[in-house]
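The values are calculated or read from the model by the stated rules, or taken from the named source; none is laboratory data. Quick caveat: nothing in here was measured; it's all calculated off a predicted structure. Positions of Cβ are generated from backbone atoms using ideal geometry, with glycine treated the same way; all protein chains shown enter the neighbour counts. The protein model used for the area step is the full one, side chains on, heavy atoms only, and it has no ligands, DNA or RNA in it. Shrake-Rupley method; radii C 1.70, N 1.55, O 1.52, S 1.80 Å.
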Amino acid sequence: MRFIGAYLKKYIKIIAVGMTIKISGSMLELLIPYVLEHIIDDVVLEKKISSVVLWGFLMIGLAILVRAMNITANRMAVRVASESNFDIRRDLFRKSINLSGSQVDEIGLPSLTSRMTADSYNLQNFIRSVQTLGIRAPILLMGGIIITMIMDWRLALILLCMAPFMILIMVCISLRGIPFYEKVQAGVDDIVRIMRENITGIRVVKALSKETYERKRYDNANEELAKRDITAGVIMSLPVPLVTLLLNIGLTLVVIIGAKLVNAGLTKPGVILAFLTYFNMMMMGVMGLSRMFTMMSKADASAGRIEEVVKMPVDLLPIAEAEAAHTDREGFIVFDHVTFKYGSDDPMAGHERQNCLTDVDFVIKKGGSLGIIGATGSGKTTIANLLMRFYDTNEGHVFIDGKDVRTYDKDQLHRKFGVVFQNDVIFADTLRENISFGRTVDDDRIWSAAEDARAKEFLEGYEDGLGHEAVIRGANLSGGQKQRVLIARALAAKPEILILDDSSSALDYKTDAELRKAIRTNYPDTTTIVVAQRISSIMNLDEIIVLEEGRVVGHGSHEELMENNEMYRKIYKTQMEV
């Protein structure tokens, strides 16, 4: 809970004011049954209707004042909970988008999503409740015991004997509930993952008639989550009936013993009625504490999950020039005998991960172009990931403009690139914002990039050209239109390095050829790397490398590879139908 406390420090004044109001309101609420006892046992005996009315109005005034104070304190608690959770979500989001590739792989995108949503919601509920139920419930419970001790210590002893058992029940069960809620949140991660996969791939699911299969997969995960939730819920629901049972036993004893004391003249009828009211208050307090412990169990599990991300060490920091590798090889981009594998080995399980790239070595000159082709899983996209330093190499080094990529500041490095990745994202925004993407790019430059990407023809179909008002999403565009918008985004800032990762797969051959010609003509100083599945997209580039299982099995121009590389020739003949 220290993690939550750190975010509440800046709100300490409003919390203090709200808690003062809440405490005052709860203490005044405890006076209402005491006033009722006084009216029944003392005021009524005076047989003065004016006195009864006066004390009655006092009770009504106390009730209105208590309600007003509770509403004020609750509103302040809601404000603190919302604003502090805003801070938590902000830090979690900022940390999430700055995680390295390996850190994202470790946590998982579905888990990051559920931490941002379900876990942060649990914290907000807890922060709000601890300022309301967390104050009122213990005051009603302990205050009721103290006042009843003052009114009649003999009857109060019955409550006092019950209190330790009630507290013990709630604490023990709550401590058991925390691990179960951690499992519940892990189940939420699974649900989010399956939903994300199905929403993203809904067309594939429908096209292959896999709705029944995916429903079954979701139902299995949902059933597992329900089982975990039920287990946690059953455990955390035990305090209320057990504590209520103890209170009802105590209440029965108070009525029986109180009746005997009244008959013996040792106490008054109003005291018994007040005791019954205080019993109800204490029962409300116990139920409130039980809810608090449930929320605390959820919040403790959620806080741990969020803290794990927020306090992750900053990965892939720039290194000093003195620590960096150096190269004498001439070229704007140099891959110097690079070997890389995702994740890490697990020696305890005897599991060793396979290299994704092995001894990859190539050089690209300034303004040059390189095509990368190979089977799925051969490591094509990994080259782009290492070039942009989403990961660090296991062996070998990557250089840009003569410098080790590890020496660049992250923003300085990434500003060099214009990138279109596989399955890239069109955001729910206007076409203009999708292309400019928050950068200082004027409309003339956006139109120029759109024309080079062969997107201008359909952009002009929008009433205001760039769709300043029309919000689009990926589903609003065809596959080819989407890819052209993404390419326009990559070209808009005139990058030093352009990476097109299978970005023309939905384009027809004519449009693809026009796009490649526009890039060669209008971006002569841009170094281009094209990852492609079809040879027509790369055959006119300066150099081509052929990857097979992470190794370079062919390197040269199209003509050289056609002459010397069997694998490249097979791909060419298959695709070009020669």
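Run the paramagnetic zone check for I146: 7 angstrom along Cα to Cβ, then residues of region 8-36 with backbone nitrogen under 16 Å.
20-34
Please list M562, M1 in order of solvent-accessible area, largest first, computed with a 1.4 Å probe with all protein chains present.
In descending accessible area the options line up as M1, M562.
Compute, for the chain, the length of the dipole vector about the Cα centre, with Cβ point charges of +1 (Lys, Arg) and -1 (Asp, Glu) only. Units Debye, rounded to 20.
So the dipole magnitude of the chain works out to roughly 2860 debye.
Once you put a point 7 Å from the Cα of R415 and another 7 Å from the Cα of E224, both along the Cβ direction, what distance in nm separates them?
That separation, rounded to one decimal, is 4.6 nm.
Output the peptides 246-252, 388-394, 407-413 sorted from most to least packed, where packing is the average of other Cβ atoms within 10 Å over each peptide's residues.
388-394, 246-252, 407-413
Using only Cα atoms, tell me the angle between helix 12-38 and the longest principal axis of the chain; keep it within 0 to 90° and round to the nearest 10.
Once rounded, the angle reads 30 degrees.
Taking the dipole about the Cα centre of the chain, with the C-beta of Lys and Arg at +1 and of Asp and Glu at -1, give me whichever of V552, L253, Q103 is farthest to the positive side.
L253
Would you check the accessible area of E451, probe 1.4 Å, heavy atoms only, in square angstrom rounded to 10?
90
Mind checking which aspartates and glutamates have their Cα closer than 15 Å to the Cα of K206? Skip sequence neighbours fewer than 8 apart in that chain.
E197, E214
How would S297, S478, S209 rank on accessible area, largest to smallest, probe 1.4 Å?
Largest accessible area first, the list is S209, S478, S297.
Sorted by accessible area with a 1.4 angstrom probe, largest first, how do T511, T527 fall?
T511, T527
Using the alpha-carbon atoms, what tilt in degrees (0 to 90, nearest 10) does helix 153-200 show relative to the longest principal axis of the chain?
Between helix and principal axis, roughly 20 degrees.
Taking all protein chains as present, what is the carbon and sulfur share of the accessible area of the chain, in % to the nearest whole number, probe 1.4 Å?
The computed percentage sits at 58.
Just to be sure I follow the rule: in region 329-462, considering lysines 8 or more places apart or on different chains, how many pairs have Cα atoms under 23 Å apart?
Step by step, the pairs that qualify in region 329-462 add up to 15.
Non-local amide H neighbours of T430 (under 5 Å, H modeled in plane, Pro and chain starts lacking H): which ones?
Counting only residues 5 or more places away or on other chains, the set is I472.
Please list 3J(HN,Hα) in residue order for region 141-152, calculated via the Karplus relation 6.51 cos²θ - 1.76 cosθ + 1.60 where θ = phi - 60°; whole Hz, with x for glycine and proline.
5, 6, x, x, 5, 5, 5, 5, 5, 5, 6, 7
How big is the accessible area of K341 in square angstrom, nearest 10, if you roll a 1.4 angstrom probe over the protein chains?
40
Put +1 on the Cβ of each Lys and Arg and -1 on the Cβ of each Asp and Glu in the chain; which of N222, P524, I145 then has its Cα farthest toward the positive end of the dipole?
The residue sitting most towards the positive pole is I145.
For the chain, build the charge dipole from Cβ charges (+1 Lys, Arg; -1 Asp, Glu) around the Cα centre, then report which of A156, L289, S120 sits farthest towards its positive end.
Checking the options against the dipole of the chain, the answer is A156.
Report the gain in length on full extension from E308 to V204: 0.36 nm times residue separation, minus Cα-Cα distance, nm rounded to one decimal.
Result: 34.0 nm gained on full extension.
With contacts defined as alpha carbon pairs under 8 Å and 6 or more residues apart, what's the relative contact order of the chain in percent?
14
Please list, in chain and number order, the residues 5+ apart from G554 or on another chain whose amide H is under 5 Å from its amide H, with Hs placed from the backbone.
V546
Among DSSP beta bridges whose residues both lie in the chain, state the antiparallel percentage, nearest 5.
50
Can you tell me, using C-alpha contacts under 8 Å and at least 6 residues apart, the relative contact order of region 1-95 as a whole percent?
Computed over region 1-95, the figure is 48 percent.
For M1 and I14, calculate 0.36 nm times their separation in residues minus their Cα-Cα distance, and state this gained length in nm to one decimal.
Working it through step by step, the gained length comes to 2.7 nm.
Across region 116-129, in residue order, what do the Karplus-derived ³J(HN,Hα) couplings come to in whole Hz, using 6.51 cos²θ - 1.76 cosθ + 1.60 with θ = phi - 60° and x for Gly and Pro?
Values, residue by residue: 6, 9, 4, 5, 5, 5, 4, 5, 5, 4, 5, 4, 5, 5 Hz.
Return the sequence-ordered ³J(HN,Hα) values of region 41-51 in whole Hz as given by the Karplus equation 6.51 cos²θ - 1.76 cosθ + 1.60 applied to θ = phi - 60°, using x for Gly and Pro.
Ordered by residue, 3J(HN,Hα) equals 8, 10, 5, 4, 5, 6, 6, 10, 4, 4, 5 Hz.
Hand me the tally of lysine pairs in region 479-578: alpha carbons under 21 angstrom apart, and the pair either on different chains or 8 or more positions apart.
5
At 1.4 Å probe size, what's the solvent-accessible area of M195? Round to the nearest 10 Å².
Its accessible surface works out to 90 Å², give or take rounding.
Using +1 on the beta carbon of Lys and Arg, -1 on that of Asp and Glu, and nothing else charged, what's the dipole of region 494-576 about the Cα centre, debye to 20?
Using Cβ point charges on Lys, Arg, Asp and Glu, region 494-576 gives about 260 debye.
Starting from the Cα-Cα distance between K456 and D91, subtract it from 0.36 nm times their residue separation and give me the gain in nm to one decimal.
127.5 nm
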